[in-house]
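Working notes, structure below.
The values are calculated or read from the model by the stated rules, or taken from the named source; none is laboratory data. Keep in mind that this is a model prediction, so the values were computed, not measured. Methodologically, a virtual Cβ is constructed for each residue, glycine included, from the backbone with ideal geometry; neighbour enumeration extends over all protein chains shown.
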Amino acid sequence: MKQLPKTYDPEAVEEKIYDMWLKGGYFRGVIDPQKEPFTIVIPPPNVTAQLHIGHACDNTLQDILIRYKRMQGYAALWIPGTDHAGIATQIKVEEKLRNEGKTRHDLGREKFLEEVWAWKEKYGGQIINQLKKLGSSCDWDRERFTMDEGCSKAVREVFVRLYEKGLIYKGSRIVNWCPDCVTALSDIEVEHEEQRSHLWHIKYKVKDSQEYITVATTRPETMLGDTAVAVNPSDERYRHLVGKTLILPLVGREIPLIADEYVDPSFGTGCVKITPAHDPNDFEVGLRHKLPVIRVMDDNAVINEKGGKYQGMGRYEARKAIVNDLRELGQLDKEEGYAHNVGVCYRCGKNVEPVVSAQWFVRMKPLAEKAIAVVKEGDIVFVPERFSKIYINWMENIHDWCISRQLWWGHQIPAWYCDDCGHINVSRDTPEKCEKCGSIALTQDEDVLDTWFSSALWPFSTLGWPDKTPDMDYFYPTSVLVTAYDIIFFWVARMIFSGLEHTNQKPFSTVFIHGLVRDEQGRKMSKSLGNGVDPLDMVEKYGADALRLNLVSGISPGNDMRFIISRCESFRNFANKLWNAARFVLMNLEIDRNELPEKLETEDKWILSRLNSLVGEVTENLDKFELGIAAEKIYDFIWDSYCDWYIELTKTRLQGNEDDKKISAQKVLCYVLTETLKLLHPFMPFITEEIWQSLPHEGEALMVEQWPVYMQELSFPEEEADMESIMKAIKAVRALRAEKNVPPSKKSRLIIVTDKDSIFKHGEAFMMKLAFASEIDITETAPENLEEMAVTVTDDARIFIPMAQLVDIEKELLRIDKELKKSREDLSKVNAKLQNPGFVEKAPEHVVNGEREKAARLEALIENLTESRSQLEKIKS
RNA sequence: GGAGGCAUAGCUCAGCCGGUUAGAGCGCUUGCUUCACACGCAAGAGGUCAGGGAUUCGAGUUCCUUUGCCUCCACCA
């Protein structure tokens, strides 16, 4: 017999258990042709810093799925890894350098990258350690990094293939430029926020005329680059001026007044200044009208030499100066307050500047088509389903993807420019000479790729692609992708089209989307608010199991959740509850084999039947990704059915002196506990494993045990009902006693009047213990000296308690009347249903039968209540 | 301008395909050193399931609508 400490101590258990799992090699995904594969690739956390509570949630969900499937006999593989997170990490390291008074340019590219790699080693390691602390059962032998050799090879392969197919091109386009990060961004890396600003109305003089045209703009500084003013061709007000020349204020440049459908005549003055170099729409207009493109800002958003006297000013400094100058010239017609959406960089939060720039793009339309079809046809399923609409909508309106970044940290673009002929050599390996002119003077493109370019390949680059590997053959396509809804576009969408394009297969079958973890007030967790929660703190305080259960129970798929610390405490209490249940079982255990006894008592069948239903339901819930519901059901079963009832019920047998009943109780206790541990294991891996190891068992570890299956022969509806009868009686007695504050130490005789005497005969011992009886009489007729007794009633028994303390006829009458009223109301409702032909005809049989049974129960209860009532009345008079 | 979500106990939230008396945690009230557990046990209070309408034998659950929050997408100067 093994002794467990009185309180569960996660710290003493978790590391030991995790090491045991590691030593056993249970995390390894092993190719086994006899088994079905089940694969998950981790959404690689950024190596920017430590994990936050959102990661803990994401990884707990994955771990639950992978452990569940592993126990079901799948060849389960969970591939871990981290993401280099281009801009984010580079910003972090530059910040660190700034604190040391340095910039990346002081170090130079090579030295700087050394710094970043050192950073990566530090934080990447921390992240892996954190994942382990959470209990994640990843195959650590296969840990990957988006910039490791294999992933880099995949990146080059993809780049070259797409380039050769004409799906990657380099071109001058308007891109979102972050002057602070000094790089181009893709469209989705720009967030929009409303900013209060002004709408400035500026007068442009018509050449050789007294007339003026007024345009409105939110970015007056860009006027330095204006090359036209446009009006709608149908606009009567300006028709006579179309084709005329205007004088650009401050600059003096002559620009045409053009007509273009793009202009909305009803907005503002109906005239739009056209700055092709600094606005995406103007760029398009410029193309249509063959307008010159004059870029007036440099990469830091400082006005360049094209800006005349404003050269050297920052964009907002220039804005101020220009507005002032226009005002002085009398060419500022109006200045009005204006709130509008401004794009900001998703990494640094600074305003993004649309500028024309030569960048690399992925041509999206051809790739998107397949990616839309695969979801529309249900080949890839989103859970919850509603996210597929969001995905499809985005894919259908997709723009080309700007993939080049003016950073140093990342995959350098595999393109080499020939210094002699200018030809672009795109190649998997560093070319020795220009493929066009043979020159050896080649310079590689300085830029790196968008960090998401490599993440997009993650499901197959981690399995060895582009090489043909056994892993690729066996584990690909992966099974489920688990992630939050905020990176559906960044990541999920790009994995889908990349997988389809490069492997000709979908990268995964199911996308399981969860919400974001917010703080107790429902705010997003962020650095600036300082409301972030460190998962390791929670692990330390409450244990990993409690944290995990907090993160998955009481949540619904796809919806945000609040992280409430007090809930960690309740789940720690739950762990302790389970611990003590196990402690109780072990204290009473004299068997060394886990098996069911030959002869089962009613209460055994009751708990086994309940367990069996639980097995069926939990399995179904997990298959439908209803993890929260599954967790709650297991929680309720353990606390309510197993601890509060079954353990209490077995005490009479365990403490009795009938050996066979004692042993059979031990066997059922042990069996049910073991099966329950299996069900709970994916959710609370540490404590379940630790307890399981103490119980009689044959296998090596709980985590590789077989997942329980529903068995018809373990369903005992009759015994369940019988036990419920006894439980109801026990509850009724307890309620009566509690009302009068009778302590458990004060026992009393119980006289049970029932026609189900065999059931109650069996329940005698339970009533003794749990209803605090000193002796029990089971009869079919009510006792005599009623005035000395209190009575309580269930639907199949009247229970008399000869205890003066409880006798209070007036109060009893009141209580019985109240109950009678309620029961009669319920009964009439049920009868109304049953008398409704529509209900009886149309409702399914089990529902109708259920109502009939309910009616019968209520009738019995009413009869018992009425009987008791008339007796009380008799005593009263 | 589009699209989506949320509204259920004092608080935070579950509630799957419509079908017992709408649940949990925390909080609250009362009692209990009941030989696993006070991180516990027992009993209890507390709900017009946001308002209105429709479908149905039956609606917290489906549909429409109103109100109030929230999010995402979108090039209106």
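Observations on the structure shown:
- Single condition residue A:802 does not satisfy, out of (1) farther than 18 Å from residue A:731 by Cβ; (2) within 53 Å of the chain's Cα centre (by Cα): (2)
- Taken as a whole, the condition of being within 14 Å of RNA strand B (Cβ to nearest atom) and on the phi > 0 side of the Ramachandran plot does not apply to residue A:337.
- Put simply, of A:667, A:662, A:633, A:624 the only residue that is in contact with a Pro (Cβ under 9 Å, 6 or more places away or on another chain) and basic (Lys, Arg) is A:667.
- Assessment of the range A:678-685 against the conditions (in a helix (DSSP H, G or I), within 14 Å of RNA strand B (Cβ to nearest atom) and touching a Lys or Arg at 6+ places or on another chain (Cβ under 9 Å)) yields no matching residue.
- Any chance residue A:22 is in a loop (DSSP other than H, G, I, E, B), at negative phi and surrounded by fewer than 21 Cβ atoms within 10 Å (Cβ to Cβ): no
- Scanning the range A:64-73 finds one or more residues that are part of a loop (DSSP other than H, G, I, E, B) and either within 16 Å of RNA strand B (Cβ to nearest atom) or on the phi < 0 side of the Ramachandran plot (or both).
- One residue from A:187, A:180 being closer than 16 Å to residue A:453 by Cβ and in contact (Cβ under 8 Å) with a residue 12 or more places away in the chain: A:187
- Matching entry among A:834, A:872 (being out of contact with any strand residue (DSSP E or B) (no Cβ under 8 Å at 6 or more places or on another chain), part of a helix (DSSP H, G or I) and more than 30 Å from residue A:648 (Cα to Cα)): A:834
- For the range A:821-846, a residue qualifies if it is surrounded by 12 or more Cβ atoms within 10 Å (Cβ to Cβ) and hydrophobic (A, V, I, L, M, F, W, C), and the qualifying residues are A:827, A:830, A:834, A:839, A:840, A:843.
- Within the range A:127-147, the set of residues being surrounded by fewer than 17 Cβ atoms within 10 Å (Cβ to Cβ) and either at pLDDT below 95 or polar (S, T, N, Q) (or both) comprises A:129 only.
- The single condition among (1) outside any loop (DSSP other than H, G, I, E, B); (2) touching a Cys at 6+ places or on another chain (Cβ under 9 Å) that residue A:696 does not satisfy is (1).
- Filter result for residue A:497 (part of a helix (DSSP H, G or I) and either more than 19 Å from residue A:162 (Cα to Cα) or touching a Leu at 6+ places or on another chain (Cβ under 8 Å) (or both)): yes
- The range A:551-580, subset hydrophobic (A, V, I, L, M, F, W, C) and near RNA strand B (Cβ under 6 Å from one of its atoms), residue farthest from residue A:681 (Cα to Cα): A:564
- Any chance residue A:532 is more than 12 Å from RNA strand B (Cβ to nearest atom) and in contact (Cβ under 8 Å) with a residue 24 or more places away in the chain: yes
- Strands (runs of 3 or more DSSP E) (entirely within the range A:348-426) containing at least 1 residues that are within 16 Å of RNA strand B (Cβ to nearest atom) and surrounded by 17 or more Cβ atoms within 10 Å (Cβ to Cβ): A:353-362, A:381-383
- For the residues A:548, A:494, A:583, the requirement of being within 7 Å of RNA strand B (Cβ to nearest atom) and either within 30 Å of residue A:692 (Cα to Cα) or surrounded by 19 or more Cβ atoms within 10 Å (Cβ to Cβ) (or both) singles out A:583.
- Residue ID - nearest to RNA strand B (Cβ to nearest atom), chosen from residues in the range A:614-640 that are among the small types (Gly, Ala, Ser) and either crowded, with 19+ Cβ neighbours inside 10 Å or closer than 19 Å to residue A:572 by Cα (or both): A:628
- Residue check for residue A:868: of a type in the set (Gly, Ala, Ser), closer than 21 Å to residue A:752 by Cα and more than 10 Å from RNA strand B (Cβ to nearest atom): yes
- Residue check, residue A:1 modelled with pLDDT of 95 or more and more than 28 Å from the chain's Cα centre (by Cα): no
- Filtered by the rule that a residue be surrounded by fewer than 22 Cβ atoms within 10 Å (Cβ to Cβ) and in a loop (DSSP other than H, G, I, E, B), the range A:759-787 gives A:772, A:780, A:781, A:782, A:783, A:784, A:785.
- Of all residues making up the range A:181-218, the number that are surrounded by 18 or more Cβ atoms within 10 Å (Cβ to Cβ) and part of a loop (DSSP other than H, G, I, E, B): 2
- With respect to the conditions (1) among the hydroxyl-bearing types (Ser, Thr, Tyr); (2) in contact with a Cys (Cβ under 6 Å, 6 or more places away or on another chain); (3) not in a loop (DSSP other than H, G, I, E, B), residue A:439 lacks only one, and its number is (3).
- Residue check for residue A:603: in contact with a Ser or Thr (Cβ under 8 Å, 6 or more places away or on another chain) and within 11 Å of RNA strand B (Cβ to nearest atom): no
- Taking the range A:227-293 as the region of interest, the strands (runs of 3 or more DSSP E) fully inside it that hold 1 or more residues being of a type outside the set (S, T, N, Q) and over 49 Å from the mean Cα position of the chain (by Cα) are A:228-231, A:245-247, A:254-259.
- In summary, residue A:856 fulfils each of the numbered conditions (1) modelled with pLDDT of 85 or more; (2) near RNA strand B (Cβ under 7 Å from one of its atoms); (3) under 17 Å from residue A:793 (Cα atoms) with the single exception of condition (2).
- Number of the condition not met by residue A:770 [criteria: (1) touching a residue at least 12 places away in the same chain (Cβ under 8 Å); (2) within 28 Å of residue A:850 (Cα to Cα); (3) within 16 Å of RNA strand B (Cβ to nearest atom)]: (2)
- Considering residues of the range A:231-278 that are among the charged types (D, E, K, R) and out of contact with any strand residue (DSSP E or B) (no Cβ under 6 Å at 6 or more places or on another chain) only, the residue modelled with the highest pLDDT: A:253
- Test: residue A:603 is at pLDDT 90 or above, charged (D, E, K, R) and either in a helix (DSSP H, G or I) or within 14 Å of residue A:723 (Cβ to Cβ) (or both): yes
- Residue match in the range A:788-802 (condition: farther than 30 Å from residue A:656 by Cβ and part of a helix (DSSP H, G or I)): yes
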